[in-house]
Amino acid sequence: MRIAIMSDIHANRQAFEAVLAAASERGATRHVILGDIVGYGGDPVWCVDKTMELAGGGAIVIRGNHDQAVSDPSVSMNETARAAIDWTRTQLSETHKVYLAGLPLEIEDGERLYVHADASAPARFHYVSDAETAAAHLQACRARVSFCGHIHRPALYCLGANGKTTPFAPSSSTGIPLLPQRRWLAVMGAVGQPRDGNPAAAYGILDIDRGELEFHRVGYDIDGAAAKIRAVGLPEGLATRLFKGK
């Protein structure tokens, strides 16, 4: 079984469609969405509808901080993010809002944990940004393999028998063996708004049978995504940053 794992779609229909198509071509038969379906982008309705459709087919879906902010104005955000959420709130139906608010903060599935941010305090949405914060995450959860997003940059960490957390730079498309004698944390990057200098949408494929994780990137119609942001009157910076991956 091959599972497509993605995070931080951020209402970017073009990127979401490209990732779903690419994952299907690579043999993915299940989906995991690690939160932030909305925010920043110009297609929140389509992205939530598509997520609900996938969930109806068995996909695991986690609540991100932007998803929560739709119904919870107390979520801390910068001015640009807040403007996008305020607009998003006007676009979504009550059904969409109830769905997002009701998503879980984390889900355990066998030996795997899925969460949007740091597992030591999922509701506080701390970033996993380095070996130290990854260690806090790994110490707080029991799962042998865990997956998060939130920071928009792909990364991989492992906890060895010596108690040391080691970071790895994931190599795109190369299957990484998740050795059973170690514990692992994979940070999946962003579908809809990458911030690692690569504008291509990020996602992963977990091969359950082989015990391997692949990090992938796929190009998408950035012009179309940026045009939609501009057409609905969201801040210009949300459009221009897509081309830079920052």
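The values are calculated or read from the model by the stated rules, or taken from the named source; none is laboratory data. These numbers come from a predicted model, not from an experiment. Heads up, the Cβs are rebuilt from the backbone with ideal geometry, glycines too, and the neighbour counts pull from every protein chain shown. Each accessible area value is taken on the protein alone, full model and side chains, heavy atoms only, with ligands, DNA and RNA left out. Shrake-Rupley method; radii C 1.70, N 1.55, O 1.52, S 1.80 Å.
Identify, from the list Val48, Val38, Val70, the residue that is in contact with a Pro (Cβ under 6 Å, 6 or more places away or on another chain) and either crowded, with 22+ Cβ neighbours inside 10 Å or closer than 16 Å to Arg241 by Cβ (or both).
Of the residues listed, the single one that is in contact with a Pro (Cβ under 6 Å, 6 or more places away or on another chain) and either crowded, with 22+ Cβ neighbours inside 10 Å or closer than 16 Å to Arg241 by Cβ (or both) is Val38.
Yes or no, residue by residue, for (1) among the polar types (S, T, N, Q); (2) more than 19 Å from Val61 (Cα to Cα); (3) surrounded by fewer than 20 Cβ atoms within 10 Å (Cβ to Cβ):
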{"residue": "Asp130", "(1), (2), (3)": "no, yes, yes"}
{"residue": "Arg153", "(1), (2), (3)": "no, yes, no"}
{"residue": "Thr165", "(1), (2), (3)": "yes, yes, no"}
{"residue": "Arg182", "(1), (2), (3)": "no, yes, yes"}
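Could you identify the single residue in Val115, Val145 that is surrounded by 18 or more Cβ atoms within 10 Å (Cβ to Cβ) and under 16 Å from Cys158 (Cβ atoms)?
Val145
Only residues in segment 131-155 that are touching a residue at least 40 places away in the same chain (Cβ under 8 Å) and more than 15 Å from Ile5 (Cβ to Cβ) count as the first member; pair them with residues that are among the β-branched types (Val, Ile, Thr) and open to solvent by less than 40 Å² (accessible area, probe 1.4 Å), Cβ under 6 angstrom, at least 6 apart or cross-chain, and list the lot.
Hits for this filter: Ala134/Val128; Ala134/Thr165; His137/Val128.
Output the number of residues of segment 34-57 satisfying the condition of being in contact with a Ser or Thr (Cβ under 7 Å, 6 or more places away or on another chain) and under 22 Å from Ala226 (Cβ atoms).
Residues meeting the conditions: 5.
Please go through segment 1-38 and give me each residue that is hydroxyl-bearing (Ser, Thr, Tyr) and over 12 Å from the mean Cα position of the chain (by Cα), ordered by number.
Across segment 1-38, the qualifying residues are Ser24, Thr29.
Yes or no, residue by residue, for (1) out of contact with any strand residue (DSSP E or B) (no Cβ under 9 Å at 6 or more places or on another chain); (2) within 19 Å of Ile3 (Cβ to Cβ); (3) open to solvent by 60 Å² or more (accessible area, probe 1.4 Å):
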| site | (1), (2), (3) |
| --- | --- |
| Tyr157 | no, no, no |
| Met188 | no, yes, no |
| Gly204 | no, yes, no |
| Glu214 | no, yes, no |
| Val218 | no, yes, no |
| Asp223 | yes, no, yes |
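Residues of segment 15-31 being crowded, with 24+ Cβ neighbours inside 10 Å and closer than 24 Å to Ala101 by Cα, which ones?
Ala15, Phe16
Just give me the residues in segment 46-100 being among the small types (Gly, Ala, Ser) and not in a helix (DSSP H, G or I), in sequence order.
Scanning segment 46-100 gives Gly57, Gly58, Ala59, Gly64, Ser71, Ser74, Ser76, Ser93.
What pairs come out if I take residues in segment 116-130 that are in contact (Cβ under 8 Å) with a residue 24 or more places away in the chain and pair them with residues that are charged (D, E, K, R) and part of a helix (DSSP H, G or I) whose C-beta lies under 9 Å away, six or more apart or interchain?
Between residues of segment 116-130 that are in contact (Cβ under 8 Å) with a residue 24 or more places away in the chain and residues that are charged (D, E, K, R) and part of a helix (DSSP H, G or I), the close pairs are His116/Asp67; Ala117/Arg124; Asp118/Arg124.
Here is a check on your reading of the model: is Val32 closer than 30 Å to Arg182 by Cβ, assigned to a helix (DSSP H, G or I) and touching a strand residue (DSSP E or B) at 6+ places or on another chain (Cβ under 8 Å)?
So Val32 does not fit the description; no.
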